[in-house]
Every structure is written in C-alpha cells, then in structure tokens.
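The block underneath contains the structure these notes are about, expressed in structure tokens.
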Amino acid sequence: MKKVLVSVVFACSALGMLGARVGDGYVPQRSDYKIRTEVTTIDDDGTIIYDKVITYLTDARNHTDTLQSEALPLDTAYWSRQSIGEILEMDFNFDGVPDLQIGTGPMNSFGNFTYDVFLWDEQTHRFVHVEDQPPLFDPYLDDSQKQIVSTFRLDNDVEIIRYQWKDGKLVEVSKETIDYSELTED
C-alpha cells in the first residue's frame, strides 16, 4: 500500500510541476539550461566508491530537472575523480542541436572513458536518455559520415567501433582492431 501511495504522490507532484511550466506559457528552450553534475559516493567499509552522477538542468525560470547515470567504480591508483561527471555538449544525433554526454568514469587503466548520452527532444523540450545505448568509450563524432566512433584500448589492441542512427537507435556499422603502435607512429 505504501508503494502505491508514494507512486500516486510522485505522479501528482510531477503533474503539478508540468502544469507550472505549461500553465504560465513558458516552454524551455535548449539554450535556456544551465547544467551541472554532482557525484554521489557510498562508503564500503572505509573504501569510498563513486555511485551515481546526478545532472542538474536548470532552465531560465529556475526550474530544475535531474538526470541520473551510474558511475563506474574508480581505481584512484590510476585516475582522479575529474572524469566522472564531465559534461560534453555535442550534437550527438546530428540534428543541429547540442545533446549531452555525461562522463561515468574510466573502464580500465588505459582510460576508455565511458559516457551516458541524453538527446535534446524538441517536442518535449527535455533531454531524453538514449535507451539500449551500446557502451561508448572515448566517443567522438565523425561529422562527414554522421557516425559516432568509440575507441577501446586493452594493452596494445585498440578496438574502433562506428555507430550510426537508424530508426532512433545507435547501430554498429563497422568494427576493427588495430595495433596501438599504428596510431602513434609519425
């Protein structure tokens, strides 16, 4: 019974917030948002573990929405906390509007920084999480091919995976593994 009550209270407060935004005629635009992140931690018997990345999106009327991402466990012997919660604003779906990539941390001692992606939805005027997102490591955009490129290094092998948008989903279009020394040769 408590679970149902909490759900109803949450739904009512969400509707109330939506009404306040729509009722006064204000519709937030992408450029209205100020964005910041906060990383939460848990104490596991004296070991601090990074837990979640909370992204705060505050519009021009000071209404704040939040997005949540799972942080990867961070090995502080190799990396500082600075990559977790990093915000990258890039046009990830090539529609001319900047989207958000939120850093969730390094995968291993070679880096392989991972990101959670949220696309700007012009219809709802909100950021929407990319569902069923493949793991994206150190992603960059190939604008000429309209592809997202993910690179993953393990020892001397570098795996390069290219993705394209098809029917609203990121689909792998090519994959290759090359020797790291090929990338560093002059």
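The values are calculated or read from the model by the stated rules, or taken from the named source; none is laboratory data. Note that the structure is a prediction, hence the values are computed from the model and not measured. Here Cβ is always computed from backbone atoms with ideal geometry, including for glycine, and neighbour counts include all displayed protein chains. For accessibility, only protein heavy atoms count, side chains too; no ligands or nucleic acids. Shrake-Rupley method; radii C 1.70, N 1.55, O 1.52, S 1.80 Å.
Structure summary
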item	result
Heavy-atom surface of the range 27-186, accessible at 1.4 Å and reported per residue (Å²)	57
Mean separation of Cα contacts under 8 Å (6+ apart) over length of the range 129-186, as relative contact order %	26
Förster radius 22 Å - calculated FRET efficiency between VAL27 and HIS129 (Cβ-Cβ, nearest 0.05)	0.60
Efficiency of FRET from Cβ geometry, LEU154 and VAL97, R₀ 25 Å, rounded to 0.05	0.15
For the range 86-100, 3J(HN,Hα) per residue [Karplus equation, 6.51 cos²θ - 1.76 cosθ + 1.60, θ = phi - 60°, Hz, x = Gly/Pro]	4, 10, 10, 10, 9, 7, 5, 10, 6, 9, x, 10, x, 9, 10
Net lengthening on full extension, ILE54/THR40 (0.36 nm per residue, minus Cα-Cα)	4.3 nm
Sequence-separation-based contact order of the range 78-168, relative, with Cα cut under 8 Å and 6+ spacing, percent	18
Distant-in-sequence amide H partners of LEU136 (H built 1.01 Å from N, under 5 Å)	TYR115
Vicinal HN-Hα couplings computed from phi for the range 138-154 (Karplus, 6.51 cos²θ - 1.76 cosθ + 1.60; Hz; Gly/Pro x)	6, x, 9, 9, 9, 4, 5, 9, 6, 10, 9, 10, 10, 10, 10, 10, 9
Nearest-0.05 FRET efficiency for ASP143 and GLU176, computed from C-beta distance (R0 22 Å)	0.65
